[in-house]
Amino acid sequence: MANRTVKEAKNVHGTNPQYLIEKIIRSRIYDSKYWKEQCFALTAELLVDKAMELRFVGGVYGGNIKPTQFLCLTLKMLQIQPEKDIVVEFIKNEEFKYVRALGAFYLRLTGAAIDCYKYLEPLYIDNRKLRRQNRAGQFEIVYMDEYIDELLRNDRVCDIILPRIQKRSILEENNELEPKVSVLDEDLDDEVPSDDEQKEAEDEDKSRLKNSATTVLRRPRHARSRSRENPSGVGSSGNARRDYYDDLEDYDKQRNRARIGYNDNRGRHENRHERDRERMRGRERERERDREREHRDKDRERMRGGRYEHRERDSRNERDHRRY
C-alpha cells in the first residue's frame, strides 16, 4: 500500500508516473532504508523539508545498486504527484540549490517540452556548484548550468532514462516558443564596433600600410664620409660616435667568423670520431681473425690426436695377434 501511486494521480506520458523509473531501480528504492524510514507517509508540504536536507544529487551507486536520497525523493514526488505550482516554486527557489535541482529533474521527467524549455532554460545563469555521486560512490563537482544542460540534451541523467522531448528549433518554427535570447548577446553587442568605427579603423590601417611601404630603411651616404672627415670623432656634441651601419657590418663579420670556426671545429671533431670508429672496427676485425685462427688450430690438433690413437690401437692388435 505504501508503494502505490495516489488515486488522484494522472498518467504521465501514457503510463503510471512511477513507471518512469526502471523496475530494477524502483525495487531497490522500495527496499532501501531511507525510503522505509524517511519517505513513509510524506506529503507535498513535508517533502519540502526533506528536499532541504539534501546534500548531493545522483542516481545509484555500488555493486548492489543502492539508490541515493535524491532518487528516493524523486520517486516519492512521482508517487504523490504534487501540483505544478509547487514544482515551479521548487525550481524558482534560489536559497536551496538541491531543492532547485530536484524540481528541475522532476519537471524534466513529467513536464511537456514547452514547459521544460520555459522553466529550465532561465537556470543557465545559475553557476553554483553541485556535488554528484557517481556509480563508484565517489563525489564529483558539477555546476548547475551543466546539470540543466544535461537534462535538456542527454537521454540519461542520474541513471534514469528521460522521456523524449521535441527540439527547440521545431517549436520555434511552429511559433510555440520565442527565439532563444542569450544573456551574453548584450555584452557582445557592446563589444562589436559600429560601422563608422570600422571605417575609421580601415582607413587607419590603409594609411599605415602606405607609410610602411614608402618608408624604406636606407643607409645614408653622408654618414661614412662624415666619419672619414672627422677621424678624431669630435663633433658638435663632442663625443665619439660610430656609424650604426659600420657596427652592423662588424657584427656580421664576427658572426660569420664564429660560424666558420664552429663549422671547422665541428668538422675536426667529426673526423676524429670517424678515425676512432675506424680504429675500433679494425681492432674488432683483428680479434675475430685471432679467434678463427685459434679455432682452426684446435680442430687440427683434434684431428691429429685421433690419427695417433688409431695407429696405436692397430699396433697393439698386431702385437697381441703375434703373441698368440
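Remarks
- The numbered conditions (1) of a type outside the set (Gly, Ala, Ser); (2) more than 21 Å from Ala136 (Cα to Cα); (3) over 32 Å from the mean Cα position of the chain (by Cα) are all true for Arg26 except (2).
- On inspection, Arg128 passes the criterion of being out of contact with any Pro (no Cβ under 6 Å at 6 or more places or on another chain), among the charged types (D, E, K, R), in the same structural domain as Lys36 (by the TED database) and under 24 Å from Asp49 (Cα atoms).
- Residue selected from the stretch 135-170 under the condition open to solvent by 40 Å² or more (accessible area, probe 1.4 Å) and among the aromatic types (Phe, Trp, Tyr), by the criterion farthest from Arg28 (Cα to Cα): Tyr143
- Within the stretch 1-34, being among the basic types (Lys, Arg) and either more than 18 Å from Cys72 (Cα to Cα) or not assigned by the TED database to the domain that holds Ala113 (or both) holds for Arg4, Lys7, Lys10.
- All positions within the stretch 57-93 that are at pLDDT below 90 and open to solvent by 70 Å² or more (accessible area, probe 1.4 Å): Gly63, Asn64
- Any hit, the stretch 42-51, residues being more than 19 Å from Leu151 (Cβ to Cβ), modelled with pLDDT of 90 or more, in the same structural domain as Ile160 (by the TED database) and open to solvent by less than 30 Å² (accessible area, probe 1.4 Å): yes
- Checking Ile160 against (1) within 18 Å of Gly111 (Cα to Cα); (2) modelled with pLDDT under 90; (3) among the β-branched types (Val, Ile, Thr), the condition it does not meet: (2)
- Counting only helices (runs of 4 or more DSSP H) that fall entirely inside the stretch 49-162 and contain at least 2 residues that are of a type outside the set (S, T, N, Q) and under 17 Å from Tyr34 (Cα atoms), the qualifying elements are 69-80.
- Scanning the stretch 97-134 for residues that are of a type in the set (Asp, Glu) and either modelled with pLDDT of 95 or more or open to solvent by 20 Å² or more (accessible area, probe 1.4 Å) (or both) returns Asp115, Glu121.
The values are calculated or read from the model by the stated rules, or taken from the named source; none is laboratory data. Predicted model only: the values in this text are computed from it and were never measured. Quick reminder, even Gly has a Cβ in these numbers, built from the backbone with ideal geometry, and neighbours come from all protein chains shown. The protein model used for the area step is the full one, side chains on, heavy atoms only, and it has no ligands, DNA or RNA in it. Shrake-Rupley method; radii C 1.70, N 1.55, O 1.52, S 1.80 Å.
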